[in-house]
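Let me begin by presenting the structure, written as structure tokens, before commenting on it.
The values are calculated or read from the model by the stated rules, or taken from the named source; none is laboratory data. Note that the structure is predicted; figures quoted are calculated from it, not measured. Don't worry about glycine lacking a Cβ; one is built from the backbone with ideal geometry, like all the others, and counts go over all protein chains shown. The area values use the complete protein model at the heavy-atom level, side chains included, leaving out ligands, DNA and RNA. Shrake-Rupley method; radii C 1.70, N 1.55, O 1.52, S 1.80 Å.
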Amino acid sequence: MSDETSVGAVDVTYRGIFQKNLAGVITKELVKAARREDKVGGTVQRYGDSPERNGIPAKQFAVIADDMDSLRVEMTKYEPENVVVVCVMDDTLTKGVESWAWYGVRPINVNLAPGGTLLVVSHRSPEELLHWIPRRTYDWTLAILPGEPSFGGLWVYNDDGTDYRTMGAVSRVTGGLISLDSLIAQAGSAKNPDLRAAQLREGYESVQMHPIAAGVGAQDTYVPVEMPDWTQMREGLVVPAVEVGKNNTLFMKYTTRTTRPLVKFDTCVKCQICYTVCPDECFIPTPEGHYDVNYEHCCGCGICAQSCPVSGCIEMVDESVFESNEPLHKVFESDPAAYEDLRAEKVAQAGGANPHYGIY
Amino acid sequence: MTTTQETAPAPEREEIITGCDAVAQALRLLDVDVLAGYPIRPYDSVMTAVSKMIADGQMDAEFIVAESEHSQFEIGKHASLVGARAFIGSSGVGWMYGMEALVVTASLRLPVVALVGNRALDDPGAFGVEHNDAMMVRDTGWLLYWVESAQEALDTTLLAYRVAEDKRVMLPCALSMDGAFLTHSQHMVRVPVADTVSAFVPPYELGDRRFHPDNPVSIAPQFNEDWVMEARRQSDAGMRRARAVIAEATADFHRVFGRGPADPFVDSYRMEDAEYVLMGMGTVGMVGKVAVDRMRAAGKKVGFLRVKWFRPFPQPELRALLRGVKGVGVVDRDYSFGSNSHGGVLYTEVAAALYPEPRRPVLVPFIAGLGGREVSVDNLLEMEETVERATADGVADLTCQWIGVRGPDSDPRDVAATAEGGVR
Ligand code: SF4
Ligand code: SF4
């Protein structure tokens, strides 16, 4: 927390359902630990009507302040300000965050305060992550906490220590917004205090910090959604329909995805099942009867992979090995062998096809 | 409105019909396209009347009997959305059961017209009139009107479609009619001819909002906090504009039919020089006028004021008409347990309407006629005397009195009264 302001927020950006408990533990425990330092705090859950669908990006905030008035002001906001650290619980979230309709795909660091830290749980290098993270107009820090994304569930607590390691890292990267000692003291009331203390220390020590200068990173293409006034809006809650053959650019859904379907077109029997079952109508029929995938709108649910009758024809592959959302059938069209090489290479790069986690 | 030039009367025939039948006649004359129904007393008489007219070939419309009020109202909403003139209706808890569909009809700005045959809310399962059912939509963007007679029911159904479908308004309109006393009593009614009616109510045009393959639009998408308030402000603007549109339509009613109400918003009876006034909505106006005549005959300066349009609420009219009046008794045929002075909904609205006045009359709340209990002329005379007493005392006892209820005015188990003795 800087000197001039007495309130700071920790943004925990996570994947709906799978990481809700994880985010909940982090924000709650940070607040409780802060109370040991005579600070006040609360948590804010940012949800939409599509709040906790499997994998959809969502946020929880821990707000920590020196006085009640500073806290009260932030507690009535959907997204508290002065975010000193954004904890990214899955590194594929660095591709963008689109939780709620009408906001567009927002950069992962859109609300990071100048000088703040983006703390990503990842095995990737800063260069790999910066390939996706948009540049800022101010200096900031990219911190990497080595680890796999931790996926549990709404009713399942995946007790792999990611929560406590993240809290330890938060203490380190914020220069003591909450001290490690307070976190360890707070963990004294947990079930396994020694294990928790070790995890907190591990996070504190293993986190790698990389200063990022203003202007470094991916191009920032985010354009905030236009907000007409009440006299400009069409009456009766009417919006123009999306044109036939086009998709809704205001709600893309791809940031929900941690794995994407890769189709082995040369084994496809053109049965149309994927086209029929995809809940987001992502399959585009090609002239020769294959089904290309619209990766801008695929949420990675894996239903197509589960439904395809040909074994290995649709495989779910880790999203982080892909650079763009370009459809891939055109590669197959021009050179089937080259496509198969590309497909095999991506599967290998991802360490094999993922067993998808499935939505429904 | 009294200055309106009356033209030669339009051709009409006289019939003795109930309030429900009068609405059905209006629906026929308006060539309503889709009627969605679900039976419940007492509104369902309109279903009977309409289905008979359709069977007799007098009316050409889709008449859909749904499996519940919720579906019924959704059918009306969707019919309206594709450009059909639609009608729905219900009573009591039936109206409540479809509340979600009613609310979205208003927020989608669809000019469905409804008949609420006012009925007590269950429990107990009573058939008689209470106004609470229709009141439930008062904050949601429904235009609301209480009629007194079968003639007014017919005329106001025509007005309701004209105002609701006006591009400047585009809000649904509920017509409230006292169960039994009007839904099931027959009055002499002048029934106009279809040509005159179509001269008064132009065809329904939804314009670029019409849900149709030629007009690809998405209706009611998921909105978040960045959009909801603007949508609410639009509904609010429609309701604000409704006042001028109602006035304009009422003036035009006179032009087309050669008759019509003096004031679009309120029915004021012998209000000139009135010192004391009784107010109410619906059929209580009939006895109210008799009571006023008797009191006037006895030399008292008393008038009766019947609120017709409840939404938009006639604040300007009430302020003007009650200026200089000494005491006002508000008769609610509804309840709002725990509200101001323990009075009803109309009382609270009237009190709020008069608040900006520098000199306000003494205002006395009454609850009467619940569950269909008769309100007699004597009841109204008694209320007027209470108003006079309260005014003379200077400090009015504002706590609401229940008129016509069996038992004492004061509660023998009132906590203040039993403070020393504890709970009895
Ligand atoms: S994973 Fe398959 S079924 Fe699911 S959205 Fe993507 S393309 Fe459609
Ligand atoms: S389900 Fe599999 S085999 Fe069938 S069309 Fe889709 S990709 Fe081809």
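Structure summary
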| item | result |
| --- | --- |
| Accessible area in the full protein assembly, largest first, 1.4 Å probe, for B:Met279, B:Met271, B:Met188 | B:Met188, B:Met271, B:Met279 |
| Local electrostatic count at A:Asp280 - Lys and Arg +1, Asp and Glu -1, tallied over other residues with Cβ under 12 Å | +1 |
| Beta bridges per DSSP with both ends in chain B, % antiparallel, nearest 5 | 25 |
| For the range B:190-300, size of Cβ-based charge dipole, Lys and Arg +1, Asp and Glu -1, in debye | 520 |
| At least 27 Å along the helix axis (C-alpha) and Kyte average at least -1.0, DSSP helices within chain A | none |
| Occluded residues from the range B:90-117, i.e. those whose accessible area drops by 30 Å² or more once the chain is not alone (1.4 Å probe) | B:Arg109 |
| In the A-B interface, the accessible area buried, summed over both sides, Å² (probe 1.4 Å) | 2200 |
| Burial of 40 Å² or greater, the range A:214-232 residues [accessible area, probe 1.4 Å, versus chain by itself] | A:Met227, A:Trp230 |
| Where chain A is the region considered: accessible area per residue in Å², 1.4 Å probe | 44 |
| Unit charges at the beta carbon, dipole of the range A:7-212: most positive-side option, A:Trp155, A:Val85, A:Gln60 | A:Trp155 |
| Within chain B, longest stretch clear of exposed GluC sites (Glu not before Pro) (DSSP loop, no more than 14 other Cβ within 10 Å) | B:68-204 |
| The protein assembly as shown, accessible surface, carbon-and-sulfur percent (1.4 angstrom probe) | 52 |
| Trypsin sites (Lys or Arg not before Pro) restricted to DSSP loop in the range B:226-290 with at most 14 other C-beta within 10 Å | none |
| Simple spin-label estimate for A:Ala218 and B:Val193 in nanometres, 7 Å along Cα-Cβ | 7.4 |
| Extension gain from A:Ala337 to A:Asp194, taking 0.36 nm per residue of separation minus the Cα-Cα distance | 46.0 nm |
| Positive dipole terminus of the protein assembly as shown, leading residue within B:Ala231, B:Ala49, B:Gly327 (C-beta point charges) | B:Gly327 |
| CD proxy at 222 nm, helix term only [per DSSP H run n ≥ 4: -39500 (n - 2.57); per residue of chain A; nearest 500] | -7500 deg cm²/dmol |
| Estimated [θ] at 222 nm from DSSP helical runs (n ≥ 4, -39500 (n - 2.57)) normalised by residues in chain B, nearest 500 | -11500 deg cm²/dmol |
| Solvent-accessible heavy-atom area per residue, rounded to whole Å², over the range B:12-257 at 1.4 Å | 36 |
| 1.4 Å probe, heavy atoms, protein only - residues of the range A:233-271 losing at least 10 Å² accessible area vs chain alone | A:Met233, A:Arg234, A:Glu235, A:Gly236, A:Leu237, A:Val238, A:Val239, A:Ala241 |
| Extension gain, B:Asn340 back to B:Glu357 (0.36 nm per residue minus Cα-Cα distance, nm) | 4.3 nm |
| The range A:209-222 - phi-based ³J(HN,Hα) in whole Hz, Karplus 6.51/-1.76/1.60, Gly and Pro as x | 10, 10, x, 10, 7, 3, x, 9, x, 5, 5, 8, 9, 5 |
